[in-house]
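Take a look at the structure set out below.
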Amino acid sequence: MAIVPHPRQIQMAVVNWLDERYPFTKSVDEALYQRVPNYANAFYYCFGGMVFILILFLLLTGIFLAFYYVPDAAGNPAPAYTSVSTVIMTQAFLGWLMRGVHFWSANLLVVMVILHMARVFWTGSYRAPRELNWMVGVTMLLIVLLLALTGYLLPWDTKAYWATSVTIKIGGSAPLLGPFIETVLQGGPTLGPNTLQRFFTVHVFILPALIVLLMYVHFKLIRAQGISEPL
Amino acid sequence: MAIVLPILVYIYPPAGNNKKQDLPIKLDKPLGELANGEGLKFQAPAETGFVMTNGGGDNAAGKIAFAGYAVKDAAGKLNVFAINCSHLGCSVNLVTDKQRFECPCHGSIFNLDGQVIHGPAAYPLSNLDWKQGTTRDQIVVGGIQLKGIG
């Protein structure tokens, strides 16, 4: 009669095998089991965590939206438009939910980022030695706003087109560099398929990679410096 | 620097995608039959646009228009304008009985020579580069190829 091992024994064997090759248990314990100081036990200390969770939602739903989204704005109706309004919204199973979670997470993210920033400012947590983390945070705020801006064009509907037209005009009104900025943003002499291609690339490849990298730095710095004491 | 600079140049869109070309446009009637104070509206064909030759504000030289007007002023002088208002680029309407262009967005008014009569526009309408085409009702307008647009 075969002896069936208890599930915990299997778990122990796997964890031990891993731990002999890299101290996983130790690093996971260090990452997760941190005491929260009593003064940080208030709801407004949670805004940063909400930002993190929203970014996780956005990464996940964004990846799944990319299964059906077509970044091609040539023709009328453009594949970009129909891939959102028809394929994702009506044909793909729960596609409307995927887009809805992406949309609402994106909107809430901007709110939460600003609340988090307000809390850090209000509790004076930007002071020495945490200035560097404040700078990283401000950079991530800019990245979040750029993500919101580039993502807004992707559905390629009338609202998206004209909102981006206005945005590009604002960039184009910069002194001296205006026409250069406008051409680079548009990817040509006018707002069109090249613009969508650019905004898609920035929205999907460049900015998410940057923000994930900076989040890692942000959290490392928090762990190194601890949560700031109240004023 | 040696790595970043070429990347920055790479990001700047190449001009080869958007070749300049002359666009033959068929008008609703021959230019010779236009009465003084009368104008014709025309559209750029699919995947092309007209290139503005002058202007200010939102209408700088080199910017793109997707429609235009061929219009004779009271003295019989013929002008070909891009349709865009020099304020923020809306399409202006030709109001024949008032002998002027009116912008529906913010109320700018231009006379048939393209000069500003009433703001907020601060610059005249932009001219398009044009010449008489091979038939009487055709003009050839300076334009640019725009793949995938329109």
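The values are calculated or read from the model by the stated rules, or taken from the named source; none is laboratory data. Since this is a predicted model, take the numbers as computed values, not measurements. Methodologically, a virtual Cβ is constructed for each residue, glycine included, from the backbone with ideal geometry; neighbour enumeration extends over all protein chains shown. When the accessible area is computed, the model is the full protein with side chains, heavy atoms only, and any ligands, DNA or RNA have been set aside. Shrake-Rupley method; radii C 1.70, N 1.55, O 1.52, S 1.80 Å.
Things to note:
- Among A:72, A:157, A:19, residue whose mean-square fluctuation peaks in a GNM of chain A (springs only between Cα atoms under 10 Å): A:19
- Shielding by other protein chains, A:183-194, mean Cβ within 10 Å: 6
- Probe 1.4 Å, accessible area per residue of the range A:116-170, Å²: 55
- Peptide A:167-176 is shielded by partner chain Cβ atoms: per residue, an average of 1 of them sit within 10 Å of its Cβ.
- Cα-derived Rg over Rh, computed across chain A with Rh taken as Kirkwood radius: 1.08
- Within the accessible area of the range B:10-150 (1.4 Å probe), percent carbon and sulfur: 52
- C-alpha long axis of helix A:7-21 to longest principal axis of chain A, angle in °: 80
- Charged side chains reduced to their Cβ positions (Lys and Arg at +1, Asp and Glu at -1) give the protein assembly as shown a dipole of some 420 debye around its Cα centre.
- Annotation: amide H-H contacts under 5 Å for residue B:23 (H modelled 1.01 Å from N, sequence separation of 5 or more, or interchain): B:141, B:142, B:143.
- Separation between Cα centres of the range A:125-172 and the range A:217-231, rounded to whole Å: 25
- Buried accessible area, chains B and A (both chains, 1.4 Å probe, Å² to nearest 100): 1100
- With the helix formula -39500 (n - 2.57) applied to DSSP H stretches of n ≥ 4, the protein assembly as shown reaches a computed 222 nm mean residue ellipticity of -13500 deg cm²/dmol.
- Descending semi-axes in whole angstrom, ellipsoid equivalent of chain B, from the Cα gyration tensor: 31, 20, 11
- Annotation: aspartates and glutamates with alpha-carbon distance below 13 angstrom to residue B:98 (same-chain offsets under eight excluded): B:38, B:73.
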